[in-house]
1. May I ask you to evaluate 6.51 cos²θ - 1.76 cosθ + 1.60, the Karplus curve with θ = phi - 60°, for each residue of the stretch 189-194 and list the ³J(HN,Hα) values in order in whole Hz, giving x for glycine and proline?
2. Run the numbers on the chain and let me know its relative contact order in percent, using alpha-carbon pairs under 8 Å that are six or more apart.
3. Using only the heavy atoms of the protein chains and a 1.4 Å probe, how would L303, L230 rank by accessible area, largest first?
4. Would you mind working out the accessible area per residue for the chain, using a 1.4 Å probe, and quoting it in Å²?
5. Residue by residue through the stretch 238-249, which ³J(HN,Hα) values in whole Hz follow from phi under the Karplus form 6.51 cos²θ - 1.76 cosθ + 1.60 (θ = phi - 60°), with glycine and proline marked x?
6. Of S260, S329, which has the most accessible area with a 1.4 Å probe, and how do the rest follow in descending order?
7. Within the stretch 8-336, what is the number of lysine pairs with alpha carbons under 29 Å apart, leaving out pairs fewer than eight places apart on the same chain?
8. Based on Cα positions only, what radius of gyration and what Dmax would you give for the chain, in angstroms?
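The values are calculated or read from the model by the stated rules, or taken from the named source; none is laboratory data. All of these numbers come straight from a predicted model, not from anything done at the bench. Cβ placement follows ideal geometry from the backbone for every residue including glycine, while neighbour counts extend to all protein chains displayed. These area figures cover heavy atoms from the full protein model, side chains too; ligands, DNA and RNA do not enter into them. Shrake-Rupley method; radii C 1.70, N 1.55, O 1.52, S 1.80 Å.
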Amino acid sequence: MPRPDAHKLRIAFGSCARQNKPQPIWAEISAAKPDLFLFLGDNFYADTHSEAVLRRRYAEFRSVRALQQFRQQTPHLAIWDDHDFGDDDAGGDYELKNLNQQLFCDEWAEPADSPRRTRQGIYADYRINVGGRSVQILMLDLRFNRTPLRADPAQQQGYAAMVKQAKDSGQPMTGWYVPNPDPQARLLGEEQWAWLTQRLAEPADLRLIGSSVQFAADGSGWEGWANFPLERERLVQLIKTQRANGVVFLSGDMHYGELSSWPVDGGYPLWDITSSGLTEVWDIPTPNRQRASVVVAETNFGLLDIDLTEGGGSLTLSILNGAGHMRLSKTLALDNLKFKPV
Ligand SMILES: [Fe+2]
């Protein structure tokens, strides 16, 4: 999608849309007139271990009229998260993942020879030329090779009581997953790491990393890179060794929207804008030590306004609610997303 004459690009994104719920939010996203929309996963809810049911869920997804009209009008890219990969919090041991990789590629119009059909997951990279400058989009697969999560069983058993207590008290509620320091714990496989290493070595003015779960958030106890601290550190080190400027994370999954920021020693902060969900809302306060904004606990979508005016440029990160009202916004100068010259 080249835009050689313009210096501006508007990208919208979102996640977590139940196919059996009304989806009026697509009219609001259309009204924002994005050049591109990124589906960041949980694009529908399969939640099954049956091939017949999985196929039926795709048919249900295709019958959501407002969503499909939007897809006809707006260029878009997609990755999956757990629910459309297969099941709640599913990972690399999900038994229908190879079949679903083909169904995903069919649904999102990947050609027969697309590498997304044969690699270890549906990760993919894209480029948009904006007035002679380059926006790189790296869409990760955080499911296909993910090793099992580590949970605190006591918390898992007490879920109903935890929810009740949080609702009654208004106090934050932590989920049951705990960081796994095992060097064998994996979010990406080695093949995806090799691809990412090559991509981050390429020049770009801005790099948007689509990550279906939160990168920078810490301490929620739900899914996220926080559960794989060595994998997160590996990516931070990779960005540092490649001196990859302009990295910003886009994430979903949480059923609320927020901004987080991960500090990088000797580098620049890695911002992570989370938009979730298109239909789903989690209104119980959730901890996040890296939170850098209000929490948008209503249906929402994300907007990125990219201005690549020559010599500088900026990126405005926003979350709008389901009625199209701005709920948070932050502008970053691209000069502040750079390593200092050595
Ligand atoms: Fe999810």
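1. For the stretch 189-194, the Karplus curve yields x, 4, 4, 5, 4, 5 Hz.
2. Values: 796 pairs, mean separation 63.1, N = 342.
About 18 percent, as a whole number.
3. Details: L303 5, L230 90 Å².
Output order, biggest surface exposure first: L230, L303.
4. Details: 13990 Å² over 342 residues.
On a per-residue basis, the chain sits at 41 Å².
5. So the Karplus estimates, Gly and Pro as x, are 5, 4, 5, 5, 7, 6, 7, 7, x, 7, 9, 9 Hz.
6. Values: S260 0, S329 70 Å².
Putting S260, S329 in descending order of accessible area: S329, S260.
7. Within the stretch 8-336, the lysine pair count is 9.
8. Looking at the chain, its Cα Rg and Dmax stand at 19.0, 58 Å.
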